[in-house]
Structure formats: C-alpha cells, structure tokens
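Working notes, beginning with the structure itself.
The values are calculated or read from the model by the stated rules, or taken from the named source; none is laboratory data. Predicted model, so just to flag it, every value in this text is computed and none were measured. For neighbour counting, all protein chains shown are included, and Cβ atoms are generated from backbone atoms with ideal geometry for every residue, glycine included. All accessible areas refer to the heavy atoms of the entire protein, side chains included, with ligands and DNA or RNA removed. Shrake-Rupley method; radii C 1.70, N 1.55, O 1.52, S 1.80 Å.
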Amino acid sequence: MSDALVRLNGVSKVFRGRGGAVTAVDDVDLEVRRGETVGLVGESGSGKSTVARLVMGLQPVSAGTVEFDGCPMTSIKGRQAASFRRRAQMIFQNPFGSLLPHFTAAANVAEPLRLHRVVDAAAGQVRARELLELVGLPPRSAELYPHQFSGGQQQRIAIARALALEPELLVCDEPTSALDVSVQAQILSLLERLKDELGLTMLFISHHLGVVEKLADTVAVMSRGRIVEQGPAEALFEQPRHPYTRQLLAAVLPVRGEPVPLPEDPWRPEDDDGVRMIEVGPGHRARIGAAEQPQAVR
Amino acid sequence: MTADVLLDVQELQVQFRTERGMVRAVDGLSYSVARGEAVAVVGESGSGKSVGARSLLGLLPKTASITGGQAIFDGNDLVGMPERAMRAIRGRRIGMVFQNAMEAMSPTITLERQLTEHLIWHGVCSKAEARERAIRALGEVGIPEPERRIRMYPFQLSGGMRQRAMIAMATAIEPDLLIADEPTTAVDVTVQRQILELLKAQKERGTGIIMITHDLGVARFFCDTAVVMYAGQVVERGPMAEFIECPAHPYARGLLGSTIDVGDRHRKLSVIPGSPVDVANRPSGCPFRTRCALADADRCTHAQSLESVSPGRVAACWRSHDHV
C-alpha cells in the first residue's frame, strides 16, 4: 500500500455554461500522503475550491483520475460511496451555512453518526459532547442552536461534526477566512493541535499565504486552474521558484518586517503556456522553463 | 491642534435602537486627521470602527443616532448638521470608498452616467467637460481603455476593476478627506497592493484618509496613525510604527500576536481566549477584562480612561506603562 491517501493524476474540470466552457482545473497532479497537510493557495478563480470538491467527490472530473487510498473515485458507487464519505470529511468557509440551524450543537455533531448508523442515539449524544469538548466548547453549549454561537464557535462545531466519523482525510476550504483575526488564530491553533493529536491528513485551502505556511507540510500554488509550483512548505516559502509564487508573496503586506517591492514586470498566466513542471529541488517542482533553471540547484 | 487638521472627532457616541434596548455601538471615539495623513481605525467585527466613520457622513440606518460628541470638519460640526449642508460635504469634500463596489454603485446605470452625474451634481465641472473628466479619472486609477469601459455597467467589470472605478468616482472630485471602509477586503492580494498604491497617490496629493480595516498589514503599510477599537471604545491610539513595535494595550498586543505573517511558520501564535465582546453585553469597566490575562478584579472593573503612555500616544489600561 502506498502512503498516498489521495492522488490526483492529470485532473481537469471544465464547466460548460451559456458563456462557453471554462476550464476551472487544468491537468492537475497532486498527492496527499497519510498524516500530511497539503496547503493549496491561489487567488480567487484559481480553481483551488474546485480541486477540493473533486477530491470530495462532490463533482465528477472532466478528465484524469482521483484516487482515494488507491481506489479510483469513478468506480466508487453504492455501499462503497457511503464508506468513502465516512473516511473523508470537509469543513467550509461559512460555518453557519454548513450547520443545520434547527439542530442543537450536539445534534449537529451527532447527525453523521446517526446517518452512518455508527452508534445508537444515546451513545451519539455522549460522543457529540466529547467532540464538542475536544474542539474547546464548554459542556453547556451542547443544547444551544447554531445562531446562539459566534462565528468562531460555529466553526468549532463544524470541525467537531467533521471529526465525528473519525475521517482519514479532512478537507478544509478557507476555514478561517470569515473569522476575525483573534478567532482565526484560535481555530488554527485548534487545527494544529488536532493534527498532532489525531494524526489527521488534511487538504487545506486558503488564499492567505501566512496561514497556509503555518499549517501545511507541503504547498501547491494554483493560478488559472494550474498548479504552478509545489513543494515542501519551507522550501517553497523560502526559495519560491515560480514568478507567480514570488509575485504572490511580494503582494502580502506583513505586519512585522518590511514589505517586498512588487516585481516591475508582472507575470501573466499565458507566460506558462506549454511550459512543463520541472524538478527544482527535493520534492519541489515548478512550472518554469529549463532555461530558468540555475546551474547551482541542479 | 495644528492648522493642518482636517477633521477632529471628539468623544463621539453612537447608539442603536434594538429589541434589547439601546446599544452603545460607539462609546467615546476621539481622533483627528491632518492633511495628507492616513489614520487607520482597526478592530474586529462589532468594534464600532465602521459605524464610527459612517456616522460622520450621516450614513447610518434609521435605528442609529449620534448621542454625543462632535466632529469638527473645516470649522463646522458634522454632528447634527442639517441634511442640506451635509450634501455639500458628503461625496464632495469628504469622499467615501466602500468594501463592495457592487453595493456602492447602481447596477442598472453605466459607469459614465454614475461618474458624470456625480461631477455635475457637485458642480465640479460642466456637462460638456464631465465625460472627458470621467474618462481621465478612470485612466488615472489604471483602468485600461477607459473610453470603452466607461460605457459598461458595474457587473461587466472584474472585482478589482470595480473597486478602481469606485475609487475613481470618489477621487475625481478631489475631496479633502477620504473615508475608506475595508477598501481591499474583497479583492485578491495582488489587486490589494495596486489599490493601496492608488490611495497612496491620493494621500501624497494632500488628501486626509481614514482607513477602516481589520487587516493590520494593510494598516501598517498605508497609515501613519493607529486607532485601535474594541467593543465601541478606543483602547489605544498613536503613531503606527510605535503601535506595531510595542503595543501598549493588552488587546492591541493580543491582536498583533494573533496576526499571521508569511515567515511565521515557527512562531508560536499568541491566542486571545474567548470571542470579541458583544457591545450589547459590554462588561462594566474595561470591556476587554473578560478576555485579558492581566485583568485585575479591583482595578479593571472601573472604567479605564485613555492615558498618555508616551508622547503622542494613549492607551486605556492602567498597566500600559509596564509595556512601553
């Protein structure tokens, strides 16, 4: 058995609408190994959320394959699909929108246990309370409804619900983008702790480079549906190789330290047409022509 | 107070009428903005940062009212100013840029009409000149092919372009003061940087800017002065560089510690426990005391006034001096 829990091979997704076809994801190769957190960064419209939805099987791919634990998703049907959904869970940007408003916090968390008939109702309630405690909510919160919580607390409930089935994979799509700065820090600390305690495998999507750097072991940078660079977080942030990665990093305004001047000649997605990914370091690949490859790193 | 001061806000109070009674959304907001100065009003949601600025232009919902304080702009108090007089100031001498251009512009009217109407109404130029001037304004904010784009409706532009168009609309009229309410929150980082550069050019021309933001990176990049709000109150105010270097108020310190920069991989996040306090249930005394690690049961239950911690700098915490 390989240690890759999720593997995308040449995955594309084309949406067809009245305005014509839009290639949201274009020939993406990506691997999420067990126990690893893969960060996916990019600007709006880069296709990062679509990748998340393809990995979760929420939408079919247009080309290529998505494998979960060595098994192609297209072949997962019926009973197998139910078991897949137990093994992969997702949290979203808007926690309130993802919770059932007429269910209490405990009932929201117990719902997946009920749906998958994991435990009986009484045991589900007990488990839900344990999970709420795990994500740092006080015991009295179990009987409250989602609207009675703050955004950060709602996201904690959503995380508890996602963890209820003890999934192997947790997909997080902009989990802290709708939250205040101080609350974002709390949720990230929680995810860091859960990652260590439960050995979670995560696909973590965010437009915030600092947040991704903080949480991810491996990072992939997307632009216009393509991955332009991917590699170990340290290497990618310290030695970004693709001009778009550099541009993105330069655009971030730091609170501590000095902002970097923007490149004078901005990179355009067309610059990459026909350019292939090449190895630029151990496990570090970028879509740059061989000519840009400096001798030293080879 | 120097002669260059454009706006001087003193002890502003704004209340909202709610089902639960009157809520003090802004409770004693004071700051001033000089010509060519950018003041950042920072804080989390519900801190009153946006309400405080909007109230200056009478842009609050009917359930809100200013219940105290003053805001002197060019010798006149904006608080309680009759609507007629306000119309000569709002949009003309004090411009406004919002977070979402889609909401700030009419979706059924072309950019041309929105821009020229604005210029003509405020008597900036004649009907004949308005079109040319509007095109120039769009060009100045970096919109390519302004002659063609001016015929478009807001929804036909990308988010970044719309934000630029809104800035063009606010600045074409050359206001003395610009209120920018989260102007880059809805756009991508690369666009954010471009928009801030545009606003920087305005500032260099002498426009005073009030920047309302939750993003400390933006505040630090753009602003000279920081006003930190928590639960409707100012907890710290002073030069930006000093605030970033060594924040005096425990909340300001927590907020900075919670902010994540690129390169923070190995920095331990400092986390403020709990959630931002609801202004409707503000605790007595210091509003931050329920989340503060340094809170002292005797002292913090009493209201904390803004005290000087160093020249030009004030904080509302009896322990501020320990940290500066």
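Structure notes:
- The combined condition, being within 18 Å of the chain's Cα centre (by Cα) and under 25 Å from A:Val255 (Cβ atoms), is not fulfilled by A:Arg161.
- Residue within the stretch B:206-221 that is in contact with a strand residue (DSSP E or B) (Cβ under 9 Å, 6 or more places away or on another chain), over 25 Å from B:Ala134 (Cβ atoms) and among the charged types (D, E, K, R) present: yes
- Scoring B:Cys246 on the criteria (1) within 11 Å of another protein chain (Cβ to nearest Cβ); (2) surrounded by fewer than 23 Cβ atoms within 10 Å (Cβ to Cβ); (3) closer than 21 Å to B:Val41 by Cβ leaves a single failure, condition (1).
- Put simply, of B:Arg267, B:Arg220 the only residue that is open to solvent by 40 Å² or more (accessible area, probe 1.4 Å), modelled with pLDDT of 90 or more and under 30 Å from A:Leu209 (Cα atoms) is B:Arg220.
- Test: B:Arg282 is touching a strand residue (DSSP E or B) at 6+ places or on another chain (Cβ under 8 Å) and either more than 7 Å from chain A (Cβ to nearest Cβ) or more than 30 Å from A:Val212 (Cα to Cα) (or both): yes
- Selection within the stretch B:22-58 - more than 14 Å from the chain's Cα centre (by Cα), touching a residue at least 12 places away in the same chain (Cβ under 8 Å) and farther than 18 Å from B:Arg237 by Cβ: B:Val23, B:Arg24, B:Ala25, B:Arg35, B:Gly36, B:Gly58
- With respect to the conditions (1) closer than 25 Å to B:Tyr251 by Cβ; (2) within 14 Å of another protein chain (Cβ to nearest Cβ); (3) not acidic (Asp, Glu), B:Lys200 falls short on a single one, namely (1).
- Across the stretch A:52-80, the qualifying residues are those that are open to solvent by less than 40 Å² (accessible area, probe 1.4 Å) and in a helix (DSSP H, G or I), and the one among them that is nearest to A:His207 (Cα to Cα) is A:Ala52.
- When A:Ser49, A:Ser83 are checked against the criterion of being free of Cβ contacts under 8 Å to residues at least 24 places away in the same chain and either open to solvent by 40 Å² or more (accessible area, probe 1.4 Å) or assigned to a helix (DSSP H, G or I) (or both), a single residue qualifies: A:Ser83.
- Elements of type helices (runs of 4 or more DSSP H) contained in the stretch A:88-148, each with 1 or more residues being of a type in the set (Lys, Arg): A:105-115, A:121-134
- Filter result (in contact with a helix residue (DSSP H, G or I) (Cβ under 8 Å, 6 or more places away or on another chain) and not in a strand (DSSP E or B)) within the stretch B:80-108: B:Met81, B:Met86, B:Ile89, B:Gly91, B:Phe98, B:Ala101, B:Met102, B:Ala104, B:Met105, B:Ser106, B:Pro107
- Against the conditions (1) aliphatic (A, V, I, L, M); (2) more than 13 Å from B:Arg313 (Cα to Cα); (3) in a helix (DSSP H, G or I); (4) more than 9 Å from every other protein chain (Cβ to nearest Cβ), B:Ala241 satisfies every one except (2).
- Annotation: of all residues in the stretch A:231-242 being open to solvent by 40 Å² or more (accessible area, probe 1.4 Å) and more than 10 Å from chain B (Cβ to nearest Cβ), the one that is modelled with the lowest pLDDT is A:Gln239.
- Any hit, the stretch A:165-180, residues being away from chain B (no Cβ under 13 Å) and surrounded by fewer than 17 Cβ atoms within 10 Å (Cβ to Cβ): yes
- The criterion of being in contact with a strand residue (DSSP E or B) (Cβ under 8 Å, 6 or more places away or on another chain), in contact (Cβ under 8 Å) with a residue 24 or more places away in the chain and either at the interface with chain B (Cβ under 10 Å from one of its Cβ atoms) or not aromatic (Phe, Trp, Tyr) (or both) does not hold for A:Leu249.
- Which numbered condition B:Gly206 misses (of (1) outside any helix (DSSP H, G or I); (2) closer than 27 Å to B:Arg319 by Cβ): (2)
- Yes/no for B:Thr290 being modelled with pLDDT of 90 or more, out of contact with any helix residue (DSSP H, G or I) (no Cβ under 6 Å at 6 or more places or on another chain) and within 14 Å of chain A (Cβ to nearest Cβ): yes
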